[in-house]
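These notes concern the structure reproduced below.
What follows is calculated from the coordinates using simple rules that are stated; it is not laboratory data. Quick caveat: nothing in here was measured; it's all calculated off a predicted structure. With ideal geometry, Cβ positions are generated from the backbone for all residues, glycine too; neighbour counts draw on all protein chains shown.
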Amino acid sequence: MSDDLATPVLAVLCDGDERPGHLDSLAGRVSVRYTDAAGLGDAVEGAQALLLWDFFSGALSEAWPRATELSWVHVAAAGVDTLLFPALIDSPVVVTNARGVFDRPIAEFVLASILAHAKDMHASWDFQRARQWRHRETRSVAGTTALVVGTGGIGRETARVLRAVGITVRGAGRTARDGDGEFDQIVASCELASHLSDVDHLVLAAPLTDQTRGLVGTSVLAVMKPTAHLVNVGRGPLIVEGAVVEALRAGRLAAASLDVFTTEPLPAEHPIWSTPGVTVSAHMSGDVVGWRDTLARQFVANAEHWLNGEPLDNVIDKRLGFAASASPQKETA
C-alpha cells in the first residue's frame, strides 16, 4: 500500500460501484481505500477505520486477521447483527451505526401498513384491476391498541406517529417499566405472550439478538386476537416464518405486513408470497428518497469526531448488539 503513513487510513466496503458521497470533505485528513468484499483483506491491512457501506456484508470476519490496526467500524445501517462475530466483540474496536437516520421513515411505513390493512386498500386494488365495484365497511384505527417490540429510536418514533392517529401504544423491551414518555407502558419482551390478548397491531422494530431471534412463534401467535395484524420492520428472524404462515392460513391471525425476511431476496418459491393476508415489501421501510446521502453525511460527521479525538456518536454495545443509552428509560431494544 502506498498510503501516507502519517495519514489515517479509512477502508470503505462498497457493493459494486456504489460509493458514499461527501467523503471528499475528509480529503487530506484520511487516505481512503475503496474495496468490494473480495478485496477487503487487503483494504483493512494497516487501516484504522472501516466504513461498511455494504452494510449487509459479513466479509469482515474473514478479513479480521489482517485488521490489526483497526480501531473503529461504522455500519451504514441501524442493525449490526450481520457484522458482529466473537473476535470483534472481544476486541477493543469501537462499532457505531446509523441510528436515527431511519426512525421517521420506518414509523411512517408502519402507519401506512396499519392504515392500508384497516382501510382494506389491498383488496381495493385487486377489485380495481378486476373492474369490480365492491362496497365494504372498513375499520377505524382510533381506539385500537398497538404493541411495539423495540423501544429504541425507531420504536419510539413509531409510538409517536401511531399515537397521533389515536392508537394506544405500549412497548416491549428488555425490562418492564412504567412512566415512559412515548409508551403508555413497557413490558418485558421475554413475557410478550402475556401481553397480547388485547393487541390489534403487533409491530416488531427490535434488533436481532439471541434474545429476540424467533420471538414471534407458535406460542405468541396462539394468544393473539384472530383480528390482529403483525408488522415486521426489524429483522426477518424475529419471527418464525412457518408459524406465521400457518396462523394466517388457519385464520388465527388476520394479516401480516412483512418488510424483512430470513432469506433476502425472498425466494420465489417461498409460501409467504401466496399466503392470504400477507403484504410483502422488499426491505424498504426506511429507504426514502435521499437516504444514502443522509447516511454519508452522518458518517462524515462521525469521522470528524474520530479525527478530532472526540467521542463517537451511536456507539454499539457489542455484547448487547445495539446502541445502549445511558438512560434506562431509553434503552434501544
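When ARG136, ARG252 are sorted by how many other C-beta atoms sit within 10 angstrom of their C-beta, beginning with the fewest, the order is ARG136, ARG252.
Amide H contacts under 5 Å for ARG33: LEU10, ALA11, VAL12, restricted to partners 5 or more places along the chain or on a different chain, H placed in the peptide plane at 1.01 Å from N. With K and R counted +1 and D and E -1, the other residues having a Cβ less than 14 Å from that of LEU312 yield a net charge of -2. Which residues does the label zone of TRP273 cover in region 229-250, counting backbone N under 14 Å from a point 7 Å along Cα→Cβ? Counting backbone N atoms under 14 Å from the label point, the list is empty.
Under 11 Å from the 7 Å Cα→Cβ point of SER281, by amide nitrogen: which residues of region 88-110? So the set is 105-110. Computing volume of the Cα convex hull per residue in Å³ directly from the structure and comparing it against (1) 178; (2) 149; (3) 125 singles out (2).
For helix 153-164, what angle does its Cα long axis make with the longest principal axis of the chain, in degrees from 0 to 90 and rounded to 10? The two axes meet at around 30 degrees. Summing Cβ point charges (Lys, Arg +1; Asp, Glu -1) relative to the Cα centre of region 1-67 gives a dipole of roughly 240 debye. Once both labels are positioned 7 Å from their Cα atoms along Cα-to-Cβ, the gap between GLU137 and ASP178 label points is 3.7 nm.
Under a 10 Å cutoff between Cα atoms, tell me which one of VAL288, VAL95, VAL231 has the largest fluctuation in the Gaussian network model of the chain. Judging by the Gaussian network model, the answer is VAL288.
Only Cα pairs under 8 Å and at least 6 apart count here; give the relative contact order of the chain as a rounded whole percent. This gives 16 percent for the chain. Here the Gaussian network model covers the chain, with springs between Cα atoms less than 10 Å apart; of ALA76, ALA146, ALA130, ALA130 fluctuates the most. Of LEU196, LEU51, LEU312, which has the largest mean-square fluctuation in a 10 Å C-alpha GNM of the chain? Taking springs between Cα atoms under 10 Å, the residue moving most is LEU312. Neighbour counting of Cβ atoms within 10 Å sorts the residues TRP291, TRP273, TRP64, TRP133, fewest neighbours leading, into TRP133, TRP273, TRP291, TRP64.
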